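Please read the structure below before turning to the comments.
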Amino acid sequence: MMRMKFLLLTVFLSVFCNRLTAQISSPGLGETNNASWSAIGIKQQLDEKNTSVSYVGFGRISGMDESNPFGYPALFVLNEEVSHKINNHWKYSGAISYRRAHEYGEDVAEPEQEMIEQEFRLYGRVKYTTTLGRFKWTSTARQEARKFYTEDFTRVPDDLQLRTRLKSQLYYSLDHDRENIVTASAEALFSISKDRSEGWDNLNYKEARFCLYYTYDPDDFPMIFDVGYMNDLIGTGNNVSDVSYIAFDIIIENPFSS
């Protein structure tokens, strides 16, 4: 019953509240104990309504019985997203992403158990933002199509997945210049996968992610700095993996503007 209430709360928040700045939130790195995420990106204003955000990111994990979040390589990400602003409230975007993940066996410290999984991802999102004084509240619906391969591009059994993500973010500006911002977010993830031999399975809830970020966005310097924490709850019922993340990213603003 507690897990059901938790899931309903996550979905409720997601319906009412994503990214207002170019914050590069941590992706999921699977079942582990602790994890870390770092990224560097470029946010380029293409014109009055269109913006490009490109980034490269790296994720690392600890072993299941270890606490070091920088222990082992877990994920490399190369991502490009272009968004279009419809008006002050509505925005939509499309993106393409390449990801190279390190998959480990029961003992992450055994190199012979490590495998590489490659992923190509397409996704689109729609978000709605409203402003309440120093608060901004954003709701986002994101749909993904994910295609998986082995290291040598051989197909894997579950090689195609469709995933739906509902995310809410609440921003609070610590000053009138909006240079210092605190962001809290909640996201619920649902997916359906296709097995090459058995076909599609059912749409199921998979995990929930909760983040708390601090952003420093100085007006007189063309860079944004984010540092944050994420708690990723994977699974349902009594079979839930609880993963803690630390995250840091830097976004360079409009480096190609004259």
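With a ≥ b ≥ c the root eigenvalues of the C-alpha gyration tensor of the range 181-258, is it rounded (a/c under 1.5), prolate (a/b larger than b/c) or oblate?
Details: a/c = 3.98, a/b = 1.93, b/c = 2.06.
Because a/c hits 1.5 or more and a/b fails to exceed b/c, the range 181-258 counts as oblate.
The 3J(HN,Hα) values that the Karplus relation (6.51, -1.76, 1.60; θ = phi - 60°) gives for the range 190-206 are, in residue order, 10, 8, 9, 10, 10, 8, 4, 9, 10, x, 7, 8, 8, 5, 9, 6, 10 Hz. Gly and Pro appear as x. In a reduced charge model with +1 at each Lys and Arg Cβ and -1 at each Asp and Glu Cβ, the chain shows a dipole moment near 1400 debye about its Cα centre.
Write out the chymotrypsin sites (Phe, Trp or Tyr not before Pro) in the range 133-178 meeting two conditions: DSSP loop, and at most 16 other Cβ atoms within 10 Å of their Cβ.
On the way: sites: Phe135, Trp137, Phe148, Tyr149, Phe153, Tyr171, Tyr172; in loops: Phe153.
Of the chymotrypsin sites (Phe, Trp or Tyr not before Pro), the ones in loops of the range 133-178 whose Cβ has at most 16 other Cβ atoms within 10 Å are Phe153.
Positive end of the dipole of the chain (Cβ unit charges, origin at the Cα centre): among Ala74, Phe148, Leu174, the Cα lying farthest that way belongs to Leu174. Each residue was assigned an accessible area with a 1.4 Å probe, and for Ile61 the value is about 10 Å².
When the alpha carbon coordinates of the chain are projected onto the principal axes, the ranges are 52, 44, 36 Å, largest first.
Using 0.36 nm times the number of residues separating Gln45 and Glu80, minus their current alpha carbon distance, what extension gain do you get? Mind showing how you got there, number by number?
Numbers: separation 35, 0.36 × 35 = 12.60 nm, distance 1.36 nm.
Going from the current span to full extension adds 11.2 nm.
In order along the range 72-78, phi translates into HN-Hα couplings of 9, x, 10, 7, 10, 10, 10 Hz, rounded to whole numbers, per the Karplus curve 6.51 cos²θ - 1.76 cosθ + 1.60 with θ = phi - 60° and x for Gly and Pro. In order along the range 170-179, the Karplus-derived 3J(HN,Hα) couplings, from 6.51 cos²θ - 1.76 cosθ + 1.60 at θ = phi - 60°, round to 10, 10, 10, 8, 7, 9, 5, 7, 6, 8 Hz, and Gly and Pro are given as x. Multiplying the residue separation of Asn238 and Ile116 by 0.36 nm and subtracting their alpha-carbon distance yields 41.0 nm.
Sparsely packed loop sites in the range 31-125 (the trypsin sites (Lys or Arg not before Pro) outside DSSP H, G, I, E and B with at most 12 other Cβ atoms within 10 Å) comprise Lys49.
Quick check: convex hull of the Cα atoms in the range 72-223, volume per residue, rounded to a whole Å³?
Roughly 161 Å³ of hull volume per residue.
Using a 1.4 angstrom probe, figure out how much accessible area the range 106-258 has per residue, in square angstrom, rounded to the nearest whole. Numbers along the way, then the final one.
Working: 8200 Å² over 153 residues.
Per-residue accessible area for the range 106-258 comes out at 54 Å².
For Leu122, Leu166, give me the order by solvent-accessible area with a 1.4 Å probe, most accessible first, ignoring ligands, DNA and RNA.
On the way: Leu122 100, Leu166 45 Å².
Highest to lowest solvent-accessible surface, that is Leu122, Leu166.
The values are calculated or read from the model by the stated rules, or taken from the named source; none is laboratory data. Keep in mind that what you see is a predicted model, and the values were worked out from it rather than measured. Quick reminder, even Gly has a Cβ in these numbers, built from the backbone with ideal geometry, and neighbours come from all protein chains shown. For the accessible areas, the whole protein counts, side chains as well, though only heavy atoms, and no ligand, DNA or RNA atoms are used. Shrake-Rupley method; radii C 1.70, N 1.55, O 1.52, S 1.80 Å.
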